[in-house]
Amino acid sequence: MRTHRRERIRAVLCGGAVIAGLLASCTVPSSGRPGSGSVPGERPARTPSSSASTPRAEPSGSPSAPVSSADPLVGAFLGSGPEGVRRVRDMERWLGGTRLRAGHTYLPGRLWSEIEGRPRLLAPWARWRHEEPGRLLVLNVPMADHNEAGLSDDRVRTLLREGAAGRFDAHYRTLAERLVRQRLADTVLVLGWEMNGTTYTHRCGPDPAAWKAYWRRIVATMRSVPGQRFRFDFAPSRGRDAIPWTRCYPGDDVVDVLGMDAYDQPEGMPFEEQVREPYGLQAHVDFAARHGKPVSYPEWGLFRNGDNAEYVRRMLAWMDRYRPLYHTISDYCPHGVWGCHLNPVSSAMYRMALSAEGQPWWERCWGFGEYCVRLDWLGDLAG
């Protein structure tokens, strides 16, 4: 079994090594080959190792950092039901045995009976959660039924105000009771995700005050259930979108984790701009630092810029620097690196970074301040 240290992100991503106190320049591989590409369950050939030191993450202008996790949990969204559980094991094999300790699934948002957490959806994840110590279940929870029905702002505003007044309390009490009964009382709940956009009925824009009051009502309802130890994750999408996500923040007493869904978009935007843009990656970690919260990345992956291994490299380095509670890549097309055949170069980058399959000790990453020092020059002596 891999140790927790070896499960952490290994940014074995660019050329150069430190010898006698000198750090060589870092270069990015321009091509690569993943093992099998994308077929679930197929064990690919080992990705050739490269001489590497960790890329330096973007410098932060903040005087402080968010609450860092001693042992960030890595995972992937691989499917909502039992198929998602099965694929976790397959992706772990693809990574050479590296454990995916963050399991991620979603409650459907079509009917209230689905948002209440049907036992047949929760049960496979409960079994997975308890098979090994140290695992974490991340569950996205809608704040409204018909959650992708394209309802008008007027209708959304009415629903938010009804929720804030307690109309939907019983549904969330039922969900909390079912989670406790399934021994999932310590689940991280990503409630009302991407509220700053326009996709979901549970969006914040039509009435931020009502949205915040409704969030607080749900949290109070679920925390009132005996035995619960839930953590609530506030996770906007990166950037401003339809409304600044800071206008939707419901308060430190009802938020445990500051999440962000971050995809490689819009087309043509380099990583540096994704960091610096208003309400972007830097604003996110700065906000978390000010509020004393850990960060997370419940959804991340490729999108508008195709098979972009540079994005994968920079995003992994960013998360390695700020040490989120967890991060879970959305591993389906067009976002993924294992379950999607469209991104072979990014797949190779991701697998190289997270897998230590077959690596001799001199090829491993050894922490040295902000750098990852490798001693692969010793391979010549060993050979």
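The values are calculated or read from the model by the stated rules, or taken from the named source; none is laboratory data. The structure presented is a predicted model; accordingly, all values stated were derived computationally and were not measured. Neighbour counts are summed over all protein chains in view; Cβ atoms, including those assigned to glycine, are modelled from backbone coordinates with ideal geometry. Just the protein is used for accessible areas: all its heavy atoms, side chains included, with ligands, DNA and RNA removed. Shrake-Rupley method; radii C 1.70, N 1.55, O 1.52, S 1.80 Å.
Side notes on the structure shown:
- Cβ-Cβ under 8 Å pairs, at least 6 apart or on other chains, the stretch 152-171 side of a type in the set (D, E), far side in a helix (DSSP H, G or I) and open to solvent by 60 Å² or more (accessible area, probe 1.4 Å): D169/R217
- Selection within the stretch 199-230 - crowded, with 20+ Cβ neighbours inside 10 Å and under 17 Å from D256 (Cβ atoms): K212, W215, R217, I218, V219, M222, F230
- Count - residues of the stretch 123-181 that are among the β-branched types (V, I, T) and open to solvent by 30 Å² or more (accessible area, probe 1.4 Å): 3
- For the stretch 110-122, a residue qualifies if it is open to solvent by less than 20 Å² (accessible area, probe 1.4 Å) and of a type in the set (G, A, S), and exactly one does: G117.
- Among the residues of the stretch 304-356, those identified as closer than 22 Å to G268 by Cβ and basic (K, R) are R304, R313, R314.
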